[in-house]
Amino acid sequence: MAEIFDRREEIPLDGRDADIGRLATRLRSAGWRVAQGDGDRIDAVHGSRFTFRMFGCYTQIGRRNLPARLEIRREGAASALLSVRLYSDEGWYLFYVSEVTTAYEELLHKTLETVRDA
């Protein structure tokens, strides 16, 4: 099992213009490493597999370094919708604990808040 978390959300822009450059800057300030941020899409990575393996989801440093990937696409008529997908990138584990999913849920909510505020 390579991924334990994969969620998609759609964010309506309600007449606002989605400035992908500004959104990429906000994501960088929230700890994401933006791999691609141009045109109608953003691809970003978060955290570190190594640090997460060493500290786990029970410590603050482990939760700050959740390995995840983020895809944001501008979609819809006149680009009135942002499609956000966040999925885990922690690699293979022998077993999983439910707290890891909870940690990814928290990361998703923080990231969606950042996207909505940008």
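Read-outs: derived from the displayed coordinates by stated rules, not from any lab. If you're wondering where the values come from, they're calculated on a predicted model, not measured in any experiment. Please note: Cβ atoms are built from the backbone with ideal geometry, for glycine as well, and neighbour counts cover all protein chains shown.
Using Cβ counts within 10 Å as a stand-in for footprinting exposure, how do Trp32, Trp92 rank, fewest first?
Numbers: Trp32 22, Trp92 6.
Neighbour counts put them in this order, fewest first: Trp92, Trp32.
Connecting C-alpha atoms closer than 10 Å in a GNM of the chain, tell me which of Gly62, Gly39, Gly21 has the biggest fluctuation.
Gly39
For Asp89, Asp117, Asp14, what ranking results if the residue with the fewest other Cβ atoms within 10 Å of its Cβ goes first?
So the ranking, lowest neighbour count to highest, is Asp14, Asp117, Asp89.
Can you put Tyr104, Tyr96 in order, fewest other beta carbons within 10 Å first? Before the final figure, lay out each step's value.
On the way: Tyr104 24, Tyr96 14.
Listing Tyr104, Tyr96 from fewest to most nearby Cβ atoms yields Tyr96, Tyr104.
Tell me the angle of helix 98-117 to the major Cα principal axis of the chain, expressed in degrees between 0 and 90 and rounded to the nearest ten.
Between the helix axis and the principal axis of the chain, the angle is about 20 degrees.
Nearest 10 degrees, 0 to 90: what angle lies between the long axis of helix 20-29 and the longest principal axis of the chain (Cα atoms)?
Between helix and principal axis, roughly 30 degrees.
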